[in-house]
Every structure is written in structure tokens, then in C-alpha cells.
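*Asks:* Provided herewith is a single structure, encoded as C-alpha cells, for subsequent inquiry.
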Amino acid sequence: MAEPTISIIVPVYKTEAYLEKCVDSILAQTFRDFELLLIDDGSPDNCPALCEEAAARDPRIRVIHQKNAGLSAARNTGVEAARGEWIGFVDSDDSIAPEMYETLLTYARRDGAQIAVCDYLLVTEAGEPLPSPYRLEEDKVLDRVGALEQMNRGHFKVAWNRLYRRELFETVRFPVGKIHEDEYTAHQFYWQCERITIAAKPLYFYVQRGGSIIHTDSPQKTMNLAEGIFQRACFEQEQQLTRLAIEAAKTSMLVFAQAHRRKDLQPAQRRWCAEMRGRMNALAKTLLKSGSGSRADRIKFRLFLCSPTLYRAALLTKSWMNKIGF
């Protein structure tokens, strides 16, 4: 049997109300040469049976059952089992437009890109559109630095609205046990690319569920977000992209300050905060010594070195920021 062009990986956990729609949207793709890997991450509901039923009706579907280990572990299992030249991810409570993978593959081949990205729509569980915080306005091709610049603006971080060359995963895996796992990995994928092509077409439909992990508040979520952005800042500094490192560092420090001030931290989380503050202090000192950045940037780093709480208060107080030129 010939290897498929695309491997589509769907981690599955407690989404039985959405799984059939998700799978049907993938099977309806206008591009037909793909395999669909359903990774049952130890789901306690009817999802394992639904996965097997789907595989019984389409030979392109493979099901892998594993003990529950989280989204990153399920994605990694799919990557290791994938046979395609290209890899894509779909969350099991979302759906995609029929032309999504045909469009992404066409753009990638046309532009010689290693990653192709499309726009997405936020939708309710009933499929009704929601206001989107950001929309792609035009097709474009970015280099790796341009992609990192977009990440600093809060864009192009997620894994699910894109197509990756398989070789990008030779040295990168998703971090097991982390929330906001894409914050830890997106910059690593981009840095391997010569080109990233953008299709300004909303072809992925992201269901915003109130009960999902990403939309619930927890210390771990905030801590992981701060750590992921901080790792990107360190990476950018190592690559001598100091301007980008400064922007990522400021964001990571603000998120860290939000975690640091929480009253519900467990002892292990407080120890993590103490360790992370030391690492952030070291980066702030390095960036200050570089002489790069604006006067406002230098003030911000000095505030953080004095107190993360003071740093957060300063950044969130608009009148104070205006007085000193933030």
C-alpha cells in the first residue's frame, strides 16, 4: 500500500458529543489521499467505541488506544505512527471545511513552504459564529523571523489550523503534561522553516466550550503559559533576535506575575514560582546589559527585578504608564 500524502491526527478524550461531526468533516475532504489517526487517550466515555465504528467504515482510519496521558502525549503518539509526507492536527470537538487540506497542500507546494496555515472561525457548540479576536486579512508568505514576530503579537501559535512537513518533527515533540503546549513548540517548528505560507481563508471551525481545559482558570494553566513564552524568549535571545526576545520576555513576565500573586498556589507551585522568578531575573539582566530596547523596556525590566507584583500593577495602570511613556 502506498504511503498517504497527509496524516491527520485527532487526539480523542471525552468528546463523544462532537466526535462524529469532527470525523465526518475530515472524511468529506476534497483531497482524498490521507490517513486519519484517531488517538484514543484513555477516554472513559463512548469515544473508544465511536473510533472503532468510524474505522470500520473507512479504511483510511486507524485507531490507537492508549492510557490517558494528555493532549501532548496523544499528539506525539500520532506523530510517531504517521506515514504521510505532511502532518495535520484536528481537535476532536472541532470540524473543518471540505477544502481545508487541499487548500493548505496547494499553498505549501506552490510557495515551497514547510508549514501552511489557514484562518479559523470561533463557533459555539451549536455551530454559530462568535466574534474572533483576530482575522487574517490577506495571503502572505513569511520567513521564520516573520513567523516569530507574529507569535509575539499573539498569532500563529496553535497546531490545528495548519499542515506541517513531516521532517519538522524529527527533533520536536509536544511537552507532555503541559497546558498551552503549543506555546512551547511553535517557535521550534518555525525556526526550521524557510517559508511559512498563509491562506487567509477560514477553513477550521474551533468550538469554544466552556468546560474545556483551555477555558478554565487554574494556576497550572497560567504557569505553563508563562513558561512557554519564557522559553521562546530565551530561544530568541540565543538566536540573537534581541528585539523579539524583549517582547516575549515582557509578556512572559506579565503572565508570571499573574500566577505569582495567586492565593491558591500549592507548595510545589510556590517553589516553581521561586525558581522561575530566578530564571526570569537572569534573562532580564541579560537583556538590560544588551543595551537594546527602549527606555520603557528598561524601566519594565527593572520593575520586574524589584517585584513582579509591582511590574504587573504598573503595566495594568494606564494613567501611570502614560506618565512615564510606556
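*Asks:* For the chain, what's the relative contact order in percent, using C-alpha pairs closer than 8 Å and at least 6 residues apart?
*Replies:* The value is 16 percent.
*Asks:* Count the DSSP beta bridges whose two residues both fall in the stretch 54-200, then state the antiparallel fraction as a percent rounded to the nearest 5.
*Replies:* Around 70 percent antiparallel, to the nearest 5.
*Asks:* Suppose R0 equals 41 Å; then what is the FRET efficiency for L316 and E16 from their Cβ-Cβ distance, rounded to the nearest 0.05?
*Replies:* 0.50
*Asks:* Could you give the length gained by full extension between S292 and H65, i.e. 0.36 nm per residue of separation minus their alpha carbon distance, to one decimal place?
*Replies:* 76.7 nm
*Asks:* Which whole DSSP H helices in the chain pass both tests: a Cα extent of 30 Å or more along the axis and a mean Kyte-Doolittle value no lower than -1.0?
*Replies:* Membrane-span-like by this rule: 267-290.
*Asks:* What fraction of the DSSP beta bridges in the chain is antiparallel, stated in percent and rounded to the nearest 5?
*Replies:* About 30 percent, rounded to the nearest 5.
*Asks:* To continue, here is another question. Take the alpha-carbon centre of the stretch 240-273, take the same for the stretch 183-200, and report the distance between them in whole Å.
*Replies:* 24 Å
*Asks:* Here's a follow-up. For R110 and V176, what does the FRET efficiency come to when R0 = 41 Å and r is the distance between their Cβ atoms, rounded to the nearest 0.05?
*Replies:* FRET efficiency, R110 to V176: 0.70.
*Asks:* Taking θ = phi - 60°, what integer Hz values does the Karplus form 6.51 cos²θ - 1.76 cosθ + 1.60 yield along the stretch 39-46, in sequence order, with x for Gly and Pro?
*Replies:* 9, 6, 8, x, 5, x, 9, 8
*Asks:* Could I ask something else about it? For the stretch 99-175, which trypsin sites (Lys or Arg not before Pro) are both in a DSSP coil and crowded by at most 12 other Cβ atoms within 10 Å?
*Replies:* Counting only loop positions with at most 12 other Cβ atoms within 10 Å, the trypsin sites (Lys or Arg not before Pro) in the stretch 99-175 are R135, R153.
*Asks:* Assuming R0 = 25 Å, can you tell me the calculated FRET efficiency for the pair A2 and A200, based on Cβ-Cβ distance, to the nearest 0.05?
*Replies:* 0.15
*Asks:* Another one. Once you have the Cα-Cα distance between E275 and T30, take 0.36 nm times their residue separation minus that, and quote the gain in nm to one decimal.
*Replies:* In short, 83.2 nm is gained.
*Asks:* Run the simple label-point estimate for E52 and L121 please: 7 Å along Cα→C-beta, distance reported in nm.
*Replies:* 3.6 nm
We did not get these values from a lab; they are worked out from the coordinates using the rules stated. The structure presented is a predicted model; accordingly, all values stated were derived computationally and were not measured. As a convention, Cβ positions derive from the backbone with ideal geometry for all residues, glycine included, and neighbour counts pool all protein chains shown.
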